[in-house]
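Q: Dumping the structure here so I can ask a few things about it.
Only the coordinates and a few stated rules stand behind these numbers; no lab work does. Only a predicted model underlies this, so the values are computations on that prediction, with no experimental measurement involved.
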Amino acid sequence: MNDTFREYTSYGKVILPLMRVKREITPVEEHWGDKDQYFLFFKAPEKKQNKLVIYLHGGGWNSNSPKQHYFIGQKIAQSGYDCAMIGYHKAPKYRYKEISEDVFRGYDKLRGFLNAQGYTYEKIVVSGSSAGAHLGAILCFDEVRKEKYGIAKNEFAGLLSMAGPLSFDRPQTGSLNSLLKGLFGTKDPEVWKTGEPIRMLTEMPGMKVFLIQSKHDGLVGYEQAVDFAKKAESFGMETKLSEVTEKWNTHSLYCVGSFLLDTERSETLKKAMEVIEEI
């Protein structure tokens, strides 16, 4: 069966697991602008490490929110890590420049909140699924805006990308091309390059990059993860690419749906938590 078709027919599989999730952690909700410009902060009941995980949600840059993905922030916090989920405006009303700027503004507001609360961390890990992984990579590697917001070059200890579109040179699925057109407002690949994470990579020794990607994703090609991993490694970053081989190997099921399961039932979730611990 075509993997793209499998992706589109997979969404119903998460409905029952989602209905079973209990809201056991109430996050702090802080707004800095309109309804989309806010972050949720989940405090870990029992800390495993003094580490903050920043998670950016997916949804093709045009849908979803931290509130809709609260179960991911809760899962990370229950695993022993404080977690912040940053919201952002959506395409096509807003384009790449405004959406990515929201991520930097959100992180800046988050730092102010953490300082006011007296929270300090030994390490900060940036993570995300799908479009959120793309935006997380922008937060890590866009040196121009990092300088604008006073973000140190080595502020982030690592990036965990789950099904992230990080390189646009490879042939893309029709669905991803349509989403990128909505994000950038054009089909022009030269414009797309302005927001392509692989082109932002520079020398960054000490940075760790972990990519979780499926060869049966149905939306984002496995080869683009290979390209990104090779280039990151060439710039002195510790890089690992993990292939999704379990049954839930289509795009949405492994990069979002895995958080609805326990580590005993999801190799992808187990790997993601091991990565966060390792970083």
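Q: In cubic angstrom, how much convex hull volume per residue do the alpha carbon atoms of the stretch 73-180 span?
A: On the way: hull volume 13.4 nm³, N = 108.
With only Cα atoms used, the stretch 73-180 gives 124 Å³ per residue.
Q: Residue by residue through the stretch 40-55, what is 3J(HN,Hα) from phi via Karplus (6.51 cos²θ - 1.76 cosθ + 1.60, θ = phi - 60°)? Round to whole Hz and write x for glycine and proline.
A: With coefficients 6.51, -1.76 and 1.60, one gets 10, 10, 9, 8, 5, x, 9, 6, 8, 8, 7, 9, 9, 10, 9, 10 Hz.
Q: Based on the inverse mean of 1/r over its pairs of different Cα atoms, what is the Kirkwood hydrodynamic radius of the stretch 54-132, in Å? Intermediate values should be presented prior to the final figure.
A: Details: mean 1/r = 0.0755 Å⁻¹.
One decimal place: 13.2 Å for the Kirkwood radius.
Q: Nearest 5 is fine: what % of DSSP beta bridges in the chain come out antiparallel, could you say? Write out the running numbers ahead of the final one.
A: On the way: 8 of 34 bridges.
Beta bridges within the chain, antiparallel portion: roughly 25 percent.
Q: Apply the membrane-span-like helix rule to the chain: whole DSSP H runs, Cα extent along the own long axis of at least 20 Å, mean Kyte-Doolittle hydropathy at least -1.0. List the helices found.
A: Working: long enough: 96-117 (31 Å, -0.83).
Taking the DSSP H segments of the chain (at least 20 Å long, mean hydropathy at least -1.0), we get 96-117.
Q: May I ask for the equivalent-ellipsoid semi-axes of the chain, computed as the square root of five times each C-alpha gyration tensor eigenvalue and listed largest first in whole Å?
A: Numbers: eigenvalues 120, 103, 73 Å².
Each semi-axis is √(5λ); the values are 24, 23, 19 Å.
Q: Compute the Rg/Rh shape ratio of the stretch 173-279: radius of gyration over Kirkwood radius, all on alpha-carbon atoms. If you can, show how the numbers build up before the last one.
A: Numbers: Rg = 15.3 Å, Rh = 15.3 Å.
When Rh is taken as the Kirkwood radius, the ratio is 1.00.
Q: Return a whole-number percent for the relative contact order of the chain, with Cα pairs under 8 Å and 6 or more residues apart as the contact set. Numbers along the way, then the final one.
A: Working: 547 pairs, mean separation 54.2, N = 279.
About 19 percent, as a whole number.
Q: Let me ask something additional. Applying the Karplus parametrisation 6.51 cos²θ - 1.76 cosθ + 1.60 with θ = phi - 60° to the phi angles of the stretch 161-166, what ³J(HN,Hα) value in whole Hz is obtained for each residue in order, glycine and proline being reported as x?
A: Per-residue couplings from phi come out as 9, 10, 6, x, x, 10 Hz.
Q: List every residue whose amide H lies under 5 Å from the amide H of Thr239, counting only residues 5 or more places away in sequence or on a different chain, with H placed 1.01 Å from N in the peptide plane.
A: Residues meeting the amide H criterion: Val209.
Q: Short version: ³J(HN,Hα) in whole Hz for each residue of the stretch 252-257, in order, from phi by Karplus 6.51 cos²θ - 1.76 cosθ + 1.60 (θ = phi - 60°), x for Gly and Pro, what are they?
A: 5, 5, 8, 8, 10, x
Q: If you average the C-alpha positions of the stretch 3-28 and of the stretch 77-91 separately, how far apart do those two centres end up, in angstrom?
A: 16
Q: Right, next: Compute the separation of the alpha-carbon centres of the stretch 97-175 and the stretch 29-47 and state it in Å as a whole number.
A: For the stretch 97-175 versus the stretch 29-47, the Cα centre distance is 15 Å.
Q: Hey, another quick one. Calculate how large, on average over all directions, the projected area of the Cα convex hull of the stretch 1-100 is; give the answer in nm² to one decimal.
A: Working: hull surface 33.0 nm².
Taking a quarter of the hull surface, the average projection is 8.3 nm².
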